[in-house]
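K.L.:
First the structure, which I've put down as structure tokens, then a few questions once you've had a look.
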Amino acid sequence: QVQLVESGGGLVQAGGSLRLSCVASGSIYSINVMGWYRQAPGKERELVAVITRDGSTNYADSVKGRFTISGDSEKRMAYLKMNSLKAEDTGVYYCNFRTSWLNAWGQGTQVTVSS
């Protein structure tokens, strides 16, 4: 059974920073893509950032220059450093690991940015 567990969320004032972590356990190997998504109340889940096995990254326009994704596919860990947080960054953040045959999600961690 595959399990992804996020941590690091919380309440922070606008302009502050948080660092999210995600660690996988169970039978998940050869991870090709690790990503972070978020879902704000009343909105659909959206991509925040992804990193591929070779280190290529992609970010949503709304977080470029403020967020940094990193990860180690061999260690099955991913991180999201979030700086200069804004109220609109509030939401539940989910990590996602993909292999050739598996698409795994975590339970999510709440990030609340007060203005």
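K.L.:
Considering only the chain, what is the antiparallel percent among its DSSP beta bridges, to the nearest 5?
P.N.:
90 percent
K.L.:
Any idea what the dipole of region 38-115 comes to, in debye rounded to 20, about its Cα centre with Lys/Arg Cβ at +1 and Asp/Glu Cβ at -1?
P.N.:
So the dipole magnitude of region 38-115 works out to roughly 80 debye.
K.L.:
Straight-line reach from Lys43: which aspartates and glutamates have a Cα under 18 Å away, not including same-chain ones fewer than 8 places off?
P.N.:
The qualifying aspartates and glutamates are Asp61, Glu88, Asp89.
K.L.:
Add +1 for every Lys or Arg and -1 for every Asp or Glu among the other residues with Cβ under 15 Å from the Cβ of Leu11, and state the total.
P.N.:
+1
K.L.:
So, how do all the Cα-to-Cα distances of region 16-74 break down into 10 Å bins, in percent, from 0 on up?
P.N.:
All Cα pairs considered, the percentages come to 20, 49, 27, 4.
K.L.:
Next question, about the same structure. Could you tell me the distance between the Cα centroids of region 1-25 and region 81-105, to the nearest Å?
P.N.:
8 Å
K.L.:
Note down the net charge around Ser115, summing +1 for each Lys or Arg and -1 for each Asp or Glu among other residues with Cβ under 11 Å from its Cβ.
P.N.:
-1
K.L.:
Now, a different point. Within the chain, what's the longest stretch lacking GluC sites (Glu not before Pro) that sit in DSSP loops with no more than 13 other Cβ atoms inside 10 Å?
P.N.:
That gives 1-43 as the longest site-free run.
K.L.:
Given +1 on the Cβ of Lys and Arg, -1 on the Cβ of Asp and Glu, and no further charges, what dipole in debye does region 18-70 carry about its Cα centre, rounded to the nearest 20?
P.N.:
The dipole magnitude comes to about 160 debye.
K.L.:
So how exposed is Tyr29, as accessible area in Å² (1.4 Å probe, rounded to 10)?
P.N.:
Roughly 130 Å² of Tyr29 is accessible to a 1.4 Å probe.
K.L.:
Next question, about the same structure. For Gln3 paired with Lys86, estimate the spin-label separation in nm (one decimal), with each label point 7 Å from Cα along the Cα-to-Cβ line.
P.N.:
3.7 nm
The values are calculated or read from the model by the stated rules, or taken from the named source; none is laboratory data. Keep in mind the model is a prediction, meaning the values are calculated, not measured. Note that we place each Cβ from the backbone using ideal geometry, even for glycine, and neighbour counts take in every protein chain shown. Accessible surface is based on the protein model in full, side chains and every heavy atom, while ligands, DNA and RNA are left aside. Shrake-Rupley method; radii C 1.70, N 1.55, O 1.52, S 1.80 Å.
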